[in-house]
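The structure under discussion appears below in the form of structure tokens.
The values are calculated or read from the model by the stated rules, or taken from the named source; none is laboratory data. None of the values given here were measured: they were computed from a predicted structure. Every residue, glycine among them, receives a Cβ derived from its backbone with ideal geometry; neighbour counts consider all protein chains shown. We work out accessible area using only protein heavy atoms, side chains counted, and drop any ligands, DNA or RNA first. Shrake-Rupley method; radii C 1.70, N 1.55, O 1.52, S 1.80 Å.
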Amino acid sequence: MGISIVGVELAVLLAYRTGWKISLVSVIGNTASALLLVVIGLVFFREHVSGRSVAGVGLCLVGLALITQH
């Protein structure tokens, strides 16, 4: 857990230093983390994915696409 926290904070710091908008970094990071956790749950814990979860993942992907457009 500690390594994950350090990794997230390091990613935010590096994004800030390269010129990203801080307001977008947290949104992108949280959405990417949520998507990664869904994949980890499916692969390693054999969790069931409902239609609502699939719709949520789709909305996350659409949101990421919209927010990262210039």
Legend entry - 0 to 90° range, to nearest 10: angle between helix 2-17 axis and the chain longest Cα axis: 50
Legend entry - Rounded to 10°, Cα long-axis angle of helix 51-67 versus longest principal axis of the chain: 20
Legend entry - Rounded FRET efficiency, nearest 0.05, which uses the C-beta distance separating V39 from V6 and R0 of 22 Å: 0.55
Inset, instruction - Could you look at the chain and say what percent of its accessible area is carbon and sulfur, using a 1.4 Å probe and all protein chains? - result: 70
Inset, instruction - List, in order, the whole-Hz ³J(HN,Hα) value for each residue of segment 29-43 obtained from phi through the Karplus relation with A = 6.51, B = -1.76, C = 1.60 and θ = phi - 60°; use x for Gly and Pro. - result: x, 5, 5, 5, 5, 4, 5, 5, 5, 5, 5, 4, x, 5, 6
Legend entry - Average accessible area per residue (Å²) across the chain - probe 1.4 Å, nucleic acids and ligands excluded: 83
Inset, instruction - Give me the distance in nm between label points sitting 7 Å out from Cα along the Cα-to-Cβ direction at I67 and K21, one decimal. - result: 1.1
